[in-house]
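The values are calculated or read from the model by the stated rules, or taken from the named source; none is laboratory data. Bear in mind the structure is a predicted one, so any value in this text is a computation, not a measurement. Virtual Cβ from ideal backbone geometry, glycine too; neighbours counted across all protein chains shown. Keep in mind that these areas ignore ligands, DNA and RNA; they rest on the heavy atoms of the full protein, side chains included. Shrake-Rupley method; radii C 1.70, N 1.55, O 1.52, S 1.80 Å.
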Amino acid sequence: MQNATKILAATASIAMLASLAACGGSDASASAGDANKAELVFWGWDSGNTMKDLIADFEKANPGITVKFNNTGTASDTQTALTNAIAAGSGAPDVVMLEDPTVTQFAVTGDLVSLSDMGAADYANDFAAGPWNKLQYNGQTFALPIDSGPEVFFYNKVVFDKAGVDGDSIKTWDDYYEAAKKIRAIGSYITNNSGSSMEYQPFTAQAWQAGAQPWKVDGENITIDMTKDAGMKRYIEFQQKLIDEDLIDTKIANWSDDWNRSLNDGTLASLTIGAWMPVNLMNGAPDQAGNWRVAQLPQWEEGQEISAEDGGSALAIVKQSKQQAAAYKFIDYLTHGAGAETMAETGTFPSLKKILESSSFTDPTSEANKKVNDFFGGQNVNEVLSEAAQRKVTDFQYLPYNPYAQTTFGDQISKAYTKEITLSEAFANYSKALAEHGQQQGYSVTDND
């Protein structure tokens, strides 16, 4: 990146100066520090309440290194805190947990350490392609994945059977469309989509699977193409058909109370969402225990096996750190070493192929798997999810101001789902908003819409 001041959006309402020092030429050897002796500061979230034990195990294996974990709240809170520290020029942690799509934001501005020369270059074939590809920028690896979220197809077999639909036979999006009509005929919807910010991640995953490249990032140069890109046109035309024919519930947003209620009473009959969803379904739709199943994502062309990622988080080293060697040892342990196996055992959906391919991960007799499989009618759920995680993915990039893209998504796209405008018009407006914001942040933006 050029040695210039750039404004960086942390959230829709926060913008501040990125650090000049992050783009400068600091002494790399001084920043490396002692790989075997350090007092690391680690920022992130701990939804599974496992970080204390993971850190204790790491410190036992590495007696010269201590790790102070600061639970910085949500992913958005963590990102905002990091942006503040970068803007101040000091106070950032050594290691930070980030959602996968936001890694690019900090890589573009030079505020993360490239991990490629530290050993990560050798890991490309060790991780599933989906999460791995999201953490690359300009030919370098800027974070290591904690988990993965391959998008899959969850469906309520009882509702599908009532509608005369065989969920296992849905192999293409055309099959999905035909099923949607039959399910609507019995008073349910095949799924929901209100175009809110809660549907942003499913949008990026489904557009990604369609081969779309709505935005391309080349350093400070960004090209936005929301309506003319072939993959985007394919996605928009299909979604518009579902809207026009009242085949999806456009009033319910993901993660709302109505969403859980509708999943629980069967009026929403399926979801295309990340592989981390089973426990959420078990908690949100308990009355449907035994009725749900999971299958691979429908394909745009018969016979394809293309997936995409919906969610995921990763660990990165912040450029301010003077203990980068020890910091890399820590993130390597959590993502590629013994810590990754511990997290998989406690419910994190893995990104390491050796775990995804292991017999223990798909063992239907394990206590954790048995509980999930019972909810899914005895299906071996992890067997399906493991296959999904190892499917091919196409190239896809996120904007370096991804949080703004998510926030403003609902403002622009929801109007198409209330039929105020067409989806193509909504995406054209969205494109304009993204371009204007990028220009305000100092990027050179080409808007092709």
(message) Quick check on segment 174-192. Is at least one of its residues open to solvent by less than 10 Å² (accessible area, probe 1.4 Å) and under 30 Å from PHE106 (Cβ atoms)?
(response) no
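Would it be correct to say that VAL165 is part of a helix (DSSP H, G or I), among the β-branched types (Val, Ile, Thr), farther than 29 Å from ASN448 by Cα and open to solvent by less than 40 Å² (accessible area, probe 1.4 Å)? Walk me through how you get there before you give the answer.
Working: part of a helix (DSSP H, G or I): no; among the β-branched types (Val, Ile, Thr): yes; farther than 29 Å from ASN448 by Cα: yes; open to solvent by less than 40 Å² (accessible area, probe 1.4 Å): yes.
When the stated conditions are applied, VAL165 does not pass them.
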(request) Grab the helices (runs of 4 or more DSSP H) fully contained in segment 361-433, keeping just those with 1 or more residues being closer than 17 Å to MET232 by Cα. (result) 402-417
(message) Need the failing condition index for ASN264 against (1) of a type outside the set (A, V, I, L, M, F, W, C); (2) open to solvent by 30 Å² or more (accessible area, probe 1.4 Å); (3) at positive phi, just the number.
(response) (3)
(request) Give the number of residues within segment 406-442 that are modelled with pLDDT under 95 and either over 17 Å from the mean Cα position of the chain (by Cα) or of a type in the set (A, V, I, L, M, F, W, C) (or both). (result) 2
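Among LYS354, LYS319, which is within 30 Å of TYR443 (Cβ to Cβ) and over 20 Å from the mean Cα position of the chain (by Cα)? Spell out how you get there, then give the answer.
Details: LYS354 fails: within 30 Å of TYR443 (Cβ to Cβ).
Every option except LYS319 fails the conditions.
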(request) Look at ALA326 and say whether it is hydrophobic (A, V, I, L, M, F, W, C), more than 22 Å from ASP100 (Cβ to Cβ) and touching a strand residue (DSSP E or B) at 6+ places or on another chain (Cβ under 7 Å). (result) yes
(request) Can you run down the residue pairs with Cβ atoms below 8 Å, 6 or more apart or on separate chains, where the first is in segment 310-323 and of a type in the set (Val, Ile, Thr) and the partner is part of a loop (DSSP other than H, G, I, E, B) and open to solvent by 20 Å² or more (accessible area, probe 1.4 Å)? (result) VAL318/ALA92
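Scan segment 272-291 and give yes if some residue there is part of a helix (DSSP H, G or I), β-branched (Val, Ile, Thr) and modelled with pLDDT under 95, otherwise no.
Taking segment 272-291 and keeping what is part of a helix (DSSP H, G or I), we get 278-284, 286-288.
Filter again for β-branched (Val, Ile, Thr), leaving 279.
Narrowing the set further to residues that are modelled with pLDDT under 95 leaves 279.
Among the residues of segment 272-291, at least one is part of a helix (DSSP H, G or I), β-branched (Val, Ile, Thr) and modelled with pLDDT under 95, which makes the answer yes.
Provide a single number: the residues in segment 4-57 that are in a loop (DSSP other than H, G, I, E, B), under 24 Å from VAL108 (Cβ atoms) and at pLDDT 60 or above. Working first, answer last.
Taking segment 4-57 as the starting set, the residues that turn out to be in a loop (DSSP other than H, G, I, E, B) are 4-6, 12-13, 18-20, 24-27, 33-37, 45-50.
Among the residues that remain, those that are also under 24 Å from VAL108 (Cβ atoms) are: 4-6, 12-13, 18-20, 24-27, 45.
Retained after the next criterion (residues that are at pLDDT 60 or above): 45.
Qualifying residue count, segment 4-57: 1.
Can you find a residue in segment 232-239 that is buried (at least 20 other Cβ atoms within 10 Å of the Cβ) and either free of Cβ contacts under 8 Å to residues at least 40 places away in the same chain or assigned to a loop (DSSP other than H, G, I, E, B) (or both)?
Yes: segment 232-239 contains one or more residues that are buried (at least 20 other Cβ atoms within 10 Å of the Cβ) and either free of Cβ contacts under 8 Å to residues at least 40 places away in the same chain or assigned to a loop (DSSP other than H, G, I, E, B) (or both).
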(request) Can you give me the number of residues within segment 312-339 that are assigned to a helix (DSSP H, G or I), of a type in the set (S, T, N, Q) and under 11 Å from SER31 (Cβ atoms)? (result) 1
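Filtering segment 340-360 down to residues that are of a type in the set (Val, Ile, Thr) and outside any helix (DSSP H, G or I), which residue is farthest from GLU387 (Cα to Cα)?
Initially, segment 340-360 is screened for residues of a type in the set (Val, Ile, Thr), giving 342, 346, 348, 355.
Going one step further and asking which of them are outside any helix (DSSP H, G or I), we end up with 346, 348.
Working: THR346: 20, THR348: 16 Å.
Per the stated criteria, the residue is THR346.
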(request) Could you pull out every one of the strands (runs of 3 or more DSSP E) wholly within segment 60-161 that has 2 or more residues that are touching a Ser or Thr at 6+ places or on another chain (Cβ under 8 Å) and open to solvent by less than 10 Å² (accessible area, probe 1.4 Å)? (result) 95-99, 151-156
